[in-house]
Amino acid sequence: MTDEHLDRLVRDADPYRPEIIKRLDGADQHLLEEIMSTPKLDLVPARPPRRTLVRQLAGATAAAAAVAGIIIAASALRSAQPDDVYAGPTGLPEAGAAAISGWELDLKAAQEHPRLLIDEPGWKATSVYGFAEENGTIEFRNGDRSLQMNWYPDEQYQHYYDDRLQVSDPEATTVADRPASIFTYRKDDMSAMLKPQDGTFVELRTGGNWTRAAFDGILTHVIKVDATSFLEALPPEIVTPGDVRAEAAKILADMPSPPGFDVSVLDNAGANDPYQFGAAVAGRVTCDWITEWIRADSAGDEQAVKQAAAALRSSHQWKVLHDMNDEGDYPEVVWEIADKVADGDVPKWYKDGLGC
């Protein structure tokens, strides 16, 4: 693997900004996985990152004899290392009950959120991540247009504003009863940056087929709502704080439980669409298994090293990663890093790649 590939992986593999590259481990490895598997900080990015579709590996062709050779080699490896198979617990570990109800958790998170909606028919929230954090995104779509609402800590406002001055001169406007500035990247690409309020500021960014008149029009329909109205406007597939335990249990069902894993660490994941929530859970489990591998290796505990390695290799069978793989590339990053650690090579950038 080249230094250029590693640099790209570190830069792009943030699960909460998942423009993530595909692994390039060669045709034989790709074929073996097909045979044996179970079916992003730049302070002021020019454009909020968007999820990319999976890109196909190049050169993944081989003769039938090569395929047969891979199967035989894999069988021999399993015979030679029968103890290199994860044999520990899977599923949701025991955890204390949440202190407050799910709906109260959702309300608490929503109260700390900018809570902006588009009050016009046809617009739907399709991608959500962050929500309970100082940084986050909600993307709304209507036909061939999208509008991202990205929020950041208020102390970063001046840095972002100064950067946008390099894009265009600001034009004053009002959005949701708050002063805002419009910046124009191109005639079909614009943003509106709202003044900070309640500890955050929001930037709205267009995507798709826009005109300036359409953008000006939609800004008049952006409203701030109360916490209950905001929650009721989210699609049912969005995983809100009150849903975390139940949804995590589904994902963790076929995943090995790292020693001491506490599902409560997921309680602060905020609200996420299924892809982002899957990345949060799979990333947390993978990070914890890497921590266990490092501990066991340092302690000279060979059996624990083998079990951690086997748990990491089992990521190729985790259902959530296969479900996510048609939509984005985070699963490929998990497999890339998990395989390296299982083979004794802990990448220095694994925390950035996985979002540990």
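The values are calculated or read from the model by the stated rules, or taken from the named source; none is laboratory data. The structure displayed is predicted, hence computed values, not measured ones. With ideal geometry, Cβ positions are generated from the backbone for all residues, glycine too; neighbour counts draw on all protein chains shown. Surface accessibility is based on the protein's heavy atoms, side chains included, excluding ligands, DNA and RNA. Shrake-Rupley method; radii C 1.70, N 1.55, O 1.52, S 1.80 Å.
When you scan the stretch 246-254, do you find a residue that is in contact with a helix residue (DSSP H, G or I) (Cβ under 6 Å, 6 or more places away or on another chain) and within 27 Å of Ala125 (Cα to Cα), even just one?
Yes.
Assuming Arg164 fulfils every condition listed in (1) farther than 26 Å from Asp273 by Cβ; (2) surrounded by fewer than 18 Cβ atoms within 10 Å (Cβ to Cβ); (3) among the charged types (D, E, K, R) apart from one, which condition is it?
(2)
Taking Thr173 and the conditions (1) surrounded by 15 or more Cβ atoms within 10 Å (Cβ to Cβ); (2) farther than 19 Å from Arg212 by Cα, which numbered condition does it fall short on, given that it satisfies the others?
(2)
Can you name the condition, by its number, that Val202 falls short on among (1) surrounded by fewer than 17 Cβ atoms within 10 Å (Cβ to Cβ); (2) within 26 Å of the chain's Cα centre (by Cα)?
Checking Val202 against (1) surrounded by fewer than 17 Cβ atoms within 10 Å (Cβ to Cβ); (2) within 26 Å of the chain's Cα centre (by Cα), the one that fails is (1).
Within the stretch 327-353, which residues are open to solvent by less than 20 Å² (accessible area, probe 1.4 Å), out of contact with any Phe, Trp or Tyr (no Cβ under 9 Å at 6 or more places or on another chain) and hydrophobic (A, V, I, L, M, F, W, C)?
Val333, Trp335
Looking at Val320, Val341, Val333 in this structure, which one is closer than 28 Å to Leu231 by Cα and modelled with pLDDT of 95 or more?
Val320
List every residue pair whose Cβ atoms lie under 6 Å apart, where the two residues are 6 or more positions apart in sequence or sit on different chains, the first residue falls within the stretch 218-233 and is under 10 Å from Leu116 (Cα atoms), and the second residue, located anywhere, is surrounded by fewer than 15 Cβ atoms within 10 Å (Cβ to Cβ) and of a type in the set (Phe, Trp, Tyr).
The qualifying pairs do not exist here.
Of the conditions (1) closer than 30 Å to Phe230 by Cα; (2) of a type in the set (Ser, Thr, Tyr); (3) crowded, with 24+ Cβ neighbours inside 10 Å, Thr286 fails just one. Which one is it?
(1) is the only condition that Thr286 fails.
Provide a single number: the residues in the stretch 227-245 that are in contact with a strand residue (DSSP E or B) (Cβ under 9 Å, 6 or more places away or on another chain) and surrounded by fewer than 19 Cβ atoms within 10 Å (Cβ to Cβ).
3
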